[in-house]
Amino acid sequence: MSLAVVTFFYPNAHTYLAGFLNCIRHQTKQDFTLLVFNDGVKNISDAFNEYSHTILFVDVSGTPTQIRFQAFEYLKSTNFEKIVFQDIDDEMTSNRVAVLAELLDDNMIVSNDLSLVNNDGILYAASVWADKINDLSKFDVTYILKKNIVGIGNSGIRKDVLKVKIAYSSLPKVADWFMFYQLMCLGNFKVLFTSRCQTLYRQHQDNMAGVKEFNKQRLEYVIDVKLSHYYGLMEVGFSVDEEIRQLIVAQMLLNFNHGLQKP
C-alpha cells in the first residue's frame, strides 16, 4: 500500500526543521512520500534541499483549522492509502512510521502514545497515556468526548476515513480534536491505541496535552479551549449541551473560589 508521511510547514517552522528531518531520515521504514503542506513559505524546496527522498509540496493558506480542512480535502484526491501525520515541531521514535503503517493494515485509525519534551527537546515525561490505555486496545468516540487524545501529531489513518464528510467551524481552538471527533462519530470508527512507538510532543504554552501546573490561569485556558470545542460541535449539529453546562459551572466555581482567596 502506498504511504505518505504528512506534515505542515509555516514561516516560523524553520527552527524545528533539522530535528524533524533527522527523525524522518532515521525511520526504520523509508518507503513513503513526505508530503508537506506549505503555509506561505517562499522557495520552500530550498529549506528541504538536504532531504533526498521523495517529497511533495502542496500550498495551503488560512487559519490552522482551514488549513487542516484543505489538507484533508487534498488527501482524498491522492493515491496514498495510508497516511501518517507528524507535526513539524515534534519529533518521533525511529519505529513510528513502521509501527503505524503495519497497524493500519487492519485498523482505520491508529493513535500512538506521547512523550513530552520541553522547547529545547529535552524529555521530561515519558509515555503519558500508557498508564491509562493498554497497548493495542481500542476506544470509540465517547472516550474522546472530554479528552483531546487523537490528533495530527500522534495519529495515522487509512485514506478511506476521509470519505466521511465533516463540517467546518471557526469556533474550535484545537482543530484536530474537532475533526477527529467528527470522523470517529460520523464514521463509527474506533481508534487502535499503541505505546509501541512515541511522538515526542514539544510543549508550548498553549498545548492541551501534557503535565503542567494547574493554576487558575491554566484551568481558565483549558475550560476556554473545551468550550470552544463544544460550541463548534454544537454549531455543526452535535448535542453537547450537558458538556457545555458542566464547563460553565466549573468556570463559575473557579472564579468564585478565586474571589474568596483574595485578601
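Worth pointing out:
- Residues whose amide H comes within less than 5 Å of that of residue 151, counting only those at least five positions distant or on another chain, are absent (H built at 1.01 Å from N in the peptide plane).
- The residues 28, 33, 65, when put in order of fewest to most other Cβ atoms within 10 Å, stand as 28, 33, 65.
- Arranged from fewest to most other beta-carbon atoms within 10 Å of their beta carbon, 177, 129 become 129, 177.
- Phi to ³J(HN,Hα) by Karplus 6.51 cos²θ - 1.76 cosθ + 1.60 over the range 181-192, Hz, x for Gly, Pro: 4, 5, 4, 5, 5, 6, x, 6, 8, 9, 9, 8
- Amide H contacts of residue 92 (H built 1.01 Å from N, in plane; Pro and chain starts excluded): 200 sit under 5 Å, all sequence-distant by 5 or more or on other chains.
- Ranking of 50, 102 by count of other Cβ atoms within 10 Å, fewest first: 50, 102
- The Cα center of the range 121-199 and the Cα center of the range 62-100 differ in position by 13 Å.
- In terms of distances greater than 28 angstrom between alpha carbons, the cross-link table entries 138/159; 190/216; 29/159; 29/226 yield 190/216; 29/226.
Rule-based calculations on the coordinates, nothing more; no lab input. Keep in mind that what you see is a predicted model, and the values were worked out from it rather than measured. Virtual Cβ from ideal backbone geometry, glycine too; neighbours counted across all protein chains shown.
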